[in-house]
Amino acid sequence: MKFRSVLFLFSLAIIFFFGSCRTEKLYEGKDAKVNFSSDTVFFDTVFTTIGSSTRRLMIRNPYDQTLEVERVWIAGGSNSVFRMNVDGNATKDASNISIAPKDSAFVFVEVTIDPSNANLPFVINDSIYISVNGNLQKVNLVAWGQNAYYYRPTQSISGLPSFSYLSEYGLNSNTVTWKNDKPHVIYGYLMVDSLLTLKVEEGVQIHLHKGSGMWVYRGGNIEAEGTTDNPIIFQGDRLENYWEDNPGQWDRIWINGSDKDQTFNHVIFKNGFVGIQYEPFPFAEFPDRPTGKLVLKNTILQNFVGVGVLARNTAMKFENTVISNCGTNNLALLGGGDYEFIHCTFANYWTNGTRKDPLLVMTNYYEDLFGNEVYNKMDKAYFGNSIIYGTQDEEINFDFDEATGYDYLFDHCILRTETVFDESFVNNISQPEPFLIVDGVTQNSLFKEPSEFNFDIPEYSLAKDIGSSVIASSLLQDIRENDRNDGTPDIGAYEFKPE
């Protein structure tokens, strides 16, 4: 009996021994990919001191066989502010991680940030890369770098960019006021809800991450009231010198309109893709034109890859506004509307690539999201004491359907165009050459330094003293609050003032 017991135990040991040495079957498909608990790891703590925060990421094996992950690493390497722990091992670069069938590997990611470091961008990005059977996948790492108010997406709807609602951020009334005690940083899109009004105080700095924007939903409103000395600024979230004049850093301000005016006074928009897109709510067939106007006063839009202001069948009034240096159009008025521009400067000296489109385009039709051709009369497009000038011989393009109807007037304006106008559409226009000789030196005939976004006019500018005093009587100060009440106003947003 003892012999039989020993033999049984010996046999059992052999079975366990060979069983443990059996090669574990791996999934070796060329299509091998893992699943993640999230495609982006956010560190959304607003740091008030040197901050450290940890988040968990799960790497899931979706197969019925063991998966060998060849490598997991942080793209920024040793210079990254992010660190990770992969299945208990602290590292920035791990190899040969086995994940059992339908099981997960745990990655704990940590970041440490000094929010007083003014050289940090507002949003710090890195990535974790994962290699499986030669296939490369990525998880984004996002952390806030400085003290600010942060807004990040919480909603995802097919066909729309990810967004959050303004009402999610401590709403106590139908009016939300942004103060200038800290910057406001937008990641994804921030929607101003219907029936809400966002008031932006003077001096507020609004930074938008790449691809981000603001969406003022139909029925919502924005009132941004800056001052000459303390303007409101919309710009990207990169603070390094390299990004100072780098276009395309954020997407756009998209406004669907309401029965109230959308107002911007002493505001600067720069370095995005589109500055402002103002149109009726586009997801309904044949939407009505908003009764409220887009009102820009003493405002600058500059350095946009696409369009400075894009309008579709809306109403707008601009005073002392400058739109400059855009990759396509400075101003696109599509599908009709009612527009008035007084003492504005529309100038295009784009240097970030080849520009083929004129800076001003006007039509009384457009194609909507449903593929319908939408026709609306151009009730009015009035340009008074304004400049429309750039580097191309033709900076104006009209495409009007005669049956739908249109009306426009250039009144005491400087234009760069080869268009031959019917006299009913122009009154006292000038079409100067782009350069002139001053004291033996070739100078821009209108502006001080357009390549540096300086569209002030020098004493020799051909825009000086040729405006209409009647038009100027409704706007007796320029964009910097210099008087233009001498009876011979200058054309454009700037009145010459001796230095």
### Query
Using a basic spin-label model with each label point 7 Å from the Cα along Cα→Cβ, how many nm lie between residue 64 and residue 136?
3.3
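Starting from the stretch 267-329, pick out the chymotrypsin sites (Phe, Trp or Tyr not before Pro) whose DSSP state is loop and whose Cβ has at most 13 other Cβ atoms within 10 Å.
Values: sites: 269, 273, 278, 283, 304, 318; in loops: 273, 283.
The qualifying sites are 283.
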### Message
What is the angle, in °, between the Cα long axis of helix 2-21 and the longest principal axis of the Cα atoms in the chain? Nearest 10 is fine, range 0 to 90.
### Response
20
### Task
Can you put 197, 66 in order of Cβ neighbours within 10 angstrom, beginning with the fewest?
66, 197
### FRET efficiency for residue 288 and residue 171, using Cβ-Cβ distance with R0 set to 35 Å, rounded to 0.05
0.80
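Could you work out the relative contact order of the stretch 35-144? I mean the mean sequence separation of Cα pairs under 8 Å and 6+ apart, divided by the number of residues, in percent. Can you show the working numbers first?
Details: 249 pairs, mean separation 40.5, N = 110.
Normalised by residue count, the contact order of the stretch 35-144 is 37 percent.
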#### Entry: Under 19 Å from the Cα of residue 448 - lysines, other chains or at least 8 residues apart
464, 497
## Note on the structure
Summing -39500 (n - 2.57) over every DSSP H run of at least 4 residues in the chain and dividing by its residue count gives a helix-only mean residue ellipticity at 222 nm, to the nearest 500 deg cm²/dmol, of -1500 deg cm²/dmol
### Query
Put a dot 7 Å past each Cα toward the Cβ at residue 156 and residue 129; how far apart are the dots in nm?
2.4
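Mind pulling up the Rg/Rh value for the stretch 440-499? Radius of gyration and Kirkwood radius, both on Cα.
In the stretch 440-499, Rg relative to Rh is 0.98.
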### Task
Quick one: net charge around residue 30, please, counting Lys, Arg +1 and Asp, Glu -1 for every other residue with C-beta under 14 Å from its C-beta.
-3
## Note on the structure
Checked against the structure, the computed mean projected area of the Cα convex hull in nm² among (i) 33.2; (ii) 26.7; (iii) 38.2 is the one labelled (i)
#### Entry: nm² value of the averaged projected area, convex hull over the Cα atoms of the stretch 111-202
8.9
### Query
Tell me, how many Å apart are the Cα centres for the stretch 235-288 and for the stretch 377-444?
25
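None of the figures in this text is laboratory data; all of them are computed from the coordinates on show. No experiment lies behind these values; they were computed from the predicted model shown. Cβ: placed from backbone, ideal geometry, glycine included. Neighbour counts: every protein chain shown.
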